[in-house]
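Derivation of every value follows stated rules applied to the coordinates shown; laboratory data play no part. Just so we're clear, the structure is a prediction, and the values are computed from it rather than from any experiment. Ideal geometry is used to build each Cβ from the backbone, glycine not excepted, and the neighbour counts take in all protein chains shown.
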Amino acid sequence: MRRAKTPRPSEGRPQLPEPLPSVASLEGLEEITVWLGTFRERLRIAHAKDRKTLEATVKELEAHYRRRRAELS
């Protein structure tokens, strides 16, 4: 007898991280890059009404990434 497969978190659409912590609290470039990728993907699939907020978040993350990269070099 076969049971129906139920989707697990690792199957299908990847799970999104918890809400973004304060951008200033992100220290490592890898962590910033992960959040930046997450929000770029959210922006890509966003409804028109949500785009402005997501665009602002992406710009803030990009600026923070550049700032941290300069500090660490």
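General remarks:
- Selection of the stretch 32-73 for residues being under 13 Å from residue 20 (Cβ atoms) and of a type in the set (Ser, Thr, Tyr) yields 38, 53, 57.
- Scope the stretch 22-73; condition in a helix (DSSP H, G or I) and of a type in the set (Asp, Glu); matching residues: 30, 31, 41, 50, 55, 60, 62, 71
- Among residues of the stretch 19-31 that are within 12 Å of residue 65 (Cα to Cα), those with a beta-carbon under 7 Å from a residue that is surrounded by 10 or more Cβ atoms within 10 Å (Cβ to Cβ) and aliphatic (A, V, I, L, M) at least six positions away or on a different chain give the pairs 23/61; 26/32.
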